[in-house]
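A short worksheet on the structure shown next.
The values are calculated or read from the model by the stated rules, or taken from the named source; none is laboratory data. Quick caveat, the model's predicted, so the values are computed rather than measured. Here the Cβ positions follow ideal geometry from the backbone for every residue, glycine too, while neighbour counts run over all protein chains shown. Note: areas computed on protein heavy atoms with side chains; ligands, DNA, RNA excluded. Shrake-Rupley method; radii C 1.70, N 1.55, O 1.52, S 1.80 Å.
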Amino acid sequence: MKCRHLLSFGLMFAMMPLPIMEAEDVHLSIDASKTEARIDRNLFGQFAENLGHGLYEGIWVGPDSSIPNTRGIRNDVVAALRELKVPNVRWPGGCFADQYHWRKGIGPADKRPATVNSAWGDVIDTNVFGTDEFMDFIQQIGSTPYVSVNVGSGTPQEAAEWLEYMTAAAPTALAKERAANGHPEPYKVGFLGIGNESWDCGGAMTPDYYVSLMKVYSRFVLNMNPAQHGKDQMLKIAVGPGTPDTEWTEAVMKAWKKHTWAWDINGVSLHWYTVPNGWPPSTNSEKFGVDDYMKTLKSTLFMDEFLRKQEAVMDKYDPEKKVTLTVDEWGAWHAPLSGSNPAFLVQQNSVRDAILASLNLNIFARHADRVRMANIAQMINVLQAMILTDKEQMVLTPTYYVYKMYVPFQDAALIPIVFDAGAYTHGGASLPRVDAIAAKSTDGKLLLEITNLDAENPAVVDADLTGIVAKSAKAETLTAPSVDSTNTFESPITVTPKPAAVKLQNGKLSLTVAPRSLTVVSIEP
Ligand code: AHR
């Protein structure tokens, strides 16, 4: 245990030497001249399923709503999401995707049939948020669509026609229909999901049965947008595993190895949620203590092993890493908030979730040579959301701020770092004390992220910087008084990023990171 004074950490604190008890040193070595894989911006993707209040109320309020909107889409939500530079949004599911029939969601809103959302609570779906509304939302937030087509209860023809509706230029009949619905220009569809969890809600298929269907969908579900031929082509993502065993990945990759001109896939998806006590999810998302925090973070760190297992299979069939591992559903899945519809998957979002998010993003970054896309579940009002809404109110969650702090990491080049994570022990459980990644941003800055998992003690961090002549550094930290601190409609800014003191001298960077925090340091060469 050491006792240090913040006096040495910059002018800001020159007049207030605060003793920090318990802080211990963490040493990092960073050679900024050595860069590895690109941290693909698509790792910061989102997921917006037709589930609960994810779309309806979260995004869509309708053009006649008193909530300020543009063509029915909430202005406050759009403005907040634009700040995150969301690279892609997966829609319409999830389990919902395999029961969605796209034709019910186009044309005049008052002519669209009402259906039952039997995937999520048997609620009535008006279908007023359909393809053109989703594309409008994507355009408003400046993102790219990731559309999951219906393999479970649809047909290759239905999916092919949907793609034609979205991407063909006139004069095809479906392109004309889209134009008649107000959208003459073809949309760009960046990613195509061939089904969802086909081993479970997507049709309880065997791997071989799915692989046969995957080939047919890959062959016939085509992007017809002339602007996407060649470099900007749509990437096709096959269903992958949802459990750590590798049977499903084996089947998909074995087939891929023998693919011909007639079909191809560019990614295999993986779904893995943090559910520390197993199914059904039972952790509280508010009012919990350090024991729960420890258990949840321990459970989330399994993501690294899960990825390694799948990567080993992919490396066997694809050593050149052409096929990406796409973690298109991940995040904390807690018990539904009391009083909410359990089928709507409503939960609060705390400092614990923020740290969980940073740990997973760091894991993805370390696997960036194979993991080039990920989608947190989900965007608004569902599971580990960025944003919570209640009628005209909106609150940004701690996870939202993590994504905001990580924006500079989009497309940055990973820099290997060496550090001793140490251990944080509490109540007989143990976690790594700190986690960290470094990267070179697209505008040439050296970025460093440090997560302090220790719920009680700060950490004094020293980093040796080589391969860069560092001129200045600034840092931002996200933390709050306790592991279960949240942002609520009544107190919306309990957990928000704040500037942090950082010292740069003789190629050495020093800062003290708060307990239960994550900090992003940006260093100017
Ligand atoms: O994100 C909620 C659900 O979790 C998705 O619909 C499904 O794919 C997964 O099981």
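Below, the figures for the structure above:
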item: Output for segment 455-482, where each listed residue is more than 18 Å from Ala357 (Cα to Cα), open to solvent by 50 Å² or more (accessible area, probe 1.4 Å) and not in a loop (DSSP other than H, G, I, E, B); result: Asp464, Thr466, Ser472, Lys474
item: Residue pairs meeting the criteria (Cβ under 9 Å; at least 6 apart or on separate chains; first closer than 15 Å to Trp199 by Cβ and charged (D, E, K, R), in segment 239-266; second within 16 Å of the ligand (Cβ to nearest atom) and modelled with pLDDT of 95 or more); result: Glu247/Pro241
item: Residue within segment 284-291 that is within 16 Å of the ligand (Cβ to nearest atom) and in the same structural domain as Leu51 (by TED's automatic domain parsing) present; result: yes
item: Hey, Val147 within 16 Å of the ligand (Cβ to nearest atom) and under 18 Å from Asp328 (Cα atoms) or not; result: yes
item: Subset tally (residues that are in contact (Cβ under 8 Å) with a residue 24 or more places away in the chain and open to solvent by 50 Å² or more (accessible area, probe 1.4 Å)) for segment 483-503; result: 4
item: Qualifying residues in segment 47-66 (those that are in contact (Cβ under 8 Å) with a residue 12 or more places away in the chain, open to solvent by 20 Å² or more (accessible area, probe 1.4 Å) and not aromatic (Phe, Trp, Tyr)) - the one farthest from the ligand (Cβ to nearest atom); result: Ser66
item: Any chance Pro241 is at pLDDT below 95 and either touching a helix residue (DSSP H, G or I) at 6+ places or on another chain (Cβ under 8 Å) or more than 29 Å from Asp369 (Cβ to Cβ) (or both); result: no
item: Boolean, Asp264 is surrounded by fewer than 23 Cβ atoms within 10 Å (Cβ to Cβ), charged (D, E, K, R), part of a loop (DSSP other than H, G, I, E, B) and within 16 Å of the ligand (Cβ to nearest atom); result: no
item: Among the candidates Leu337, Leu356, residue that is within 16 Å of the ligand (Cβ to nearest atom), of a type outside the set (Gly, Ala, Ser) and surrounded by fewer than 24 Cβ atoms within 10 Å (Cβ to Cβ); result: Leu337
item: Members of segment 102-131 found to be exposed (fewer than 15 other Cβ atoms within 10 Å of the Cβ), away from the ligand (no atom under 16 Å from the Cβ) and in a loop (DSSP other than H, G, I, E, B), listed by number; result: Pro108, Pro113, Ala114
item: Yes/no for Arg366 being away from the ligand (no atom under 16 Å from the Cβ), open to solvent by 10 Å² or more (accessible area, probe 1.4 Å) and of a type outside the set (Ser, Thr, Tyr); result: yes
item: Some residue of segment 164-182 being buried (at least 23 other Cβ atoms within 10 Å of the Cβ), of a type in the set (Ser, Thr, Tyr), at pLDDT 95 or above and within 16 Å of the ligand (Cβ to nearest atom); result: no
item: Checking Leu448 against (1) modelled with pLDDT of 95 or more; (2) open to solvent by 20 Å² or more (accessible area, probe 1.4 Å); (3) hydrophobic (A, V, I, L, M, F, W, C), the condition it does not meet; result: (2)
